[in-house]
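Novice: Dropping the structure in here first, questions after.
The values are calculated or read from the model by the stated rules, or taken from the named source; none is laboratory data. Keep in mind the model is a prediction, meaning the values are calculated, not measured. Cβ placement follows ideal geometry from the backbone for every residue including glycine, while neighbour counts extend to all protein chains displayed. All accessible areas refer to the heavy atoms of the entire protein, side chains included, with ligands and DNA or RNA removed. Shrake-Rupley method; radii C 1.70, N 1.55, O 1.52, S 1.80 Å.
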Amino acid sequence: MQRIYISVCLIGILVWSGCDPKGQPDAATSDKLRVVTTIGMITDIVKNVGGTRVEVTGIVKPGVDPHFYNPTQKDVQKLGSAHIIFYNGLHLEAKMADILAKMSRDMLTVAVTDAVDQSLLLTPPEYEGLYDPHLWFDVKLWMQAVGKVRDVLSEFDIDHNVLYRSNAERYLTKLMELDEYVKSQVDLVPSQQRVLVTAHDCFNYFGKAYGFEVRGLQGISTATEVGIADVQELATFIAERRISAIFVESSVSSRSLEAVKASVKSIGFDVKIGGVLFTDAMGNEGTLEGTYIGMIRHNIDTIVHALIGESEL
């Protein structure tokens, strides 16, 4: 049924979108370059690098978990009408894999994480030999994704390559400042308190880059099942380490973390919910957290505030 659905969608695209015989829209006839992205963090890169030359549409909306997202027929039509498709890769968009693979046969379909040296990618043993896809939590690594978008846009639309490169340079400067800001905030937290506990194990790049021990109730993917033993094991860890706060995620149900909190209390220790972090999805469009820079600043401010307390800020 899924194969039939994909085939029907793709046939509809060829009729609807005005593609050439190979399926690739003609950029020369467009006022703007049409770009379709998956997650919001990539959408934000394209907006900053492409500027007014690019019209970008994100498929996965705020608050939606990309691990589980299955594209609709409208999404497939948007993908089929694009000049370029950017996605994260590394199995993040697992449910979109078949459609992205089919699109790549006829149109420019780019995984932004291809820009990163594989030696820098993390390979958690519980993730069945796959790489951890959450690169955006290490700002410097994510800057390489910006470079990938810059280079692809510049090569595809060479008449505007100066625009893309100058926009990218400005954005990369802001990201360098963001990286320094994160480090300065981390310095406020005593080293023994730098433990980050969340719903799923997506902060490993953050932990490695900024010196945090990271624990998640679920694995790298939110598709991982959580059992009673997992809750109890994490609760014991929190109580033994006297961790003051744990964090829920905007795109993951808070029920499992509430269960951990209750389990910790039953052991005789009280841990608070330190706030909501944006992980696999950014905030709503038009808000500070609806940008990559705003999302990262929100996260680090929330983490630091909860771990050291308001009076110490």
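Novice: Could you compute how much accessible surface Leu217 exposes when probed at 1.4 Å, giving the result in Å² to the nearest 10?
Specialist: Leu217 exposes around 20 Å² with every protein chain in place.
Novice: Please give the peptides 136-145, 256-265, 288-297, 38-47 ranked by average Cβ packing (other Cβ atoms within 10 Å per residue), highest first, as a rough proxy for protection.
Specialist: Highest-to-lowest ranking by the protection proxy: 38-47, 136-145, 288-297, 256-265.
Novice: How large are Rg and Dmax for the chain when only the alpha carbon atoms are used, in Å?
Specialist: 20.7, 68
Novice: Related question: Roughly how big is the range 149-199's charge dipole about its Cα centre, with Cβ charges of +1 (Lys, Arg) and -1 (Asp, Glu), in debye to the nearest 20?
Specialist: My answer is approximately 260 debye.
Novice: May I have the convex hull volume per residue, in Å³, for the Cα set of the range 182-310?
Specialist: 100 Å³
Novice: Ok, one more. How large is ³J(HN,Hα), in whole Hz, for each residue of the range 186-193 in order, when computed from phi with the Karplus curve 6.51 cos²θ - 1.76 cosθ + 1.60 and θ = phi - 60°, using x for Gly and Pro?
Specialist: Calculated HN-Hα couplings, in order: 4, 4, 6, 9, x, 4, 5, 9 Hz.
Novice: Can you tell me the 0 to 90 degree angle between the C-alpha axis of helix 139-156 and the longest principal axis of the chain, rounded to 10?
Specialist: It works out to around 0 degrees.
Novice: Taking only Cα atoms, what is the 0 to 90° angle, nearest 10, from helix 292-308's long axis to the longest principal axis of the chain?
Specialist: So the inclination is approximately 0 degrees.
Novice: Check the straight Cα-Cα distances from Lys208 and name the lysines below 17 Å, setting aside those fewer than 8 residues away within the same chain.
Specialist: Lys208 reaches Lys140, Lys183.
Novice: Further question on the same structure: With a 1.4 Å probe and all protein chains left in place, how much accessible area per residue does the range 70-195 have, in Å²?
Specialist: 47 Å²
Novice: Please state the relative contact order of the chain as a whole percent: Cα pairs under 8 Å, 6+ residues apart?
Specialist: 17 percent
Novice: To the nearest 500 deg cm²/dmol, what mean residue ellipticity at 222 nm is calculated for the chain from DSSP H runs of n ≥ 4 alone, each contributing -39,500 (n - 2.57), summed and divided by the residues?
Specialist: -14000 deg cm²/dmol
Novice: What is the P(r) of the range 113-223, as percent of Cα-Cα pairs per 5 Å bin from 0?
Specialist: 2, 11, 17, 18, 17, 14, 10, 6, 3, 1, 0
Novice: Subtract the Cα-Cα distance of Leu188 and Gln118 from 0.36 nm times their separation in residues, and report this length gain in nm to one decimal.
Specialist: 22.0 nm
Novice: Pairing the Cα long axis of helix 2-16 with the longest principal axis of the chain, what angle in degrees results, from 0 to 90 and rounded to the nearest 10?
Specialist: Long axis of 2-16 versus the principal axis of the chain: about 50 degrees.
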